Structures are given as structure tokens and as C-alpha cells.
Amino acid sequence: VQLQASGGGLVQAGGSLRLSCAASGSTLNRYAMAWYRQAPGKQREWVAIVSSGGTTVYADSVKGRFAISRDNAKNTMYLQMNSLKPEDTAVYYCEAHRSLGRPDYWGQGTLVTVSS
């Protein structure tokens, strides 16, 4: 299985971006999927998760601004990011797992840069 993250770019503070994570090689309908991010000089942190059934949970730092979703028919996960802040600047990674805390697959990352 390969995960391909895309959609990153440069945006001004207050703007929006939509990230995509497309899976190939196998269906991930039974996997939970998540977004993580890693800012320069910082550790990777969890951003949001969507279960195989569609339940979503968010980190406090993005709650109310970001929305995670998945389209199982397209084997793709999304992250809609609104009201972006400079502190959202990071490389965003997608991940899929069957057991919480035990990633099975990682995407390659897509860079999001938010200018002030």
C-alpha cells in the first residue's frame, strides 16, 4: 500500500487549503486514517483522525478550523484547513492504521506554509 499526500502550498494567514491522501495498492476501508504534522525543529504531532466508520477527533490546536473526511469509494482521505495561522506551517503527513498507536502506512508528506 502506498499513501500519496498532496495539496500543500503557500497561503496567507486566514486562508484555506485542502489536503488529500490517496491510497493505492489496496483498499483502506477498514483502517483508521490520520493526519500528522511536523513543524521545523519540532516533533511530529497528531492533528486529526477519522475512523473506518467516519468518527472524527481533532487536536485542540485545530478544532473548529480543520475538518477531516474520507471517501472510501475513492480510497482517499482529506483535510480541509480553514482560518490558517502561521503556526500551522509544517509538513503534513497522512497515516493509516488498524490498531491505535501502531501505524501501518505513512505518506511522504506535503508542505504547508502559512505567511503572516
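What follows draws every value from the coordinates through simple rules; no lab data is involved. Being a predicted model, the structure only gives us computed values, none of them experimental. All Cβ positions, glycine included, derive from the backbone under ideal geometry; neighbour counts span all protein chains shown.
Brief remarks follow.
- The residues of segment 73-88 that are under 17 Å from A48 (Cβ atoms) and either surrounded by 14 or more Cβ atoms within 10 Å (Cβ to Cβ) or not small (G, A, S) (or both), listed by number, are T76, M77, Y78, L79, Q80, M81, N82, L84, K85, E87, D88.
- Members of segment 89-116 that are under 19 Å from G53 (Cα atoms) and touching a residue at least 40 places away in the same chain (Cβ under 8 Å): C94, E95, A96, H97, R98, L100, D104, Y105
- Those residues of segment 85-116 which are outside any strand (DSSP E or B) and charged (D, E, K, R), in sequence order: K85, E87, D88
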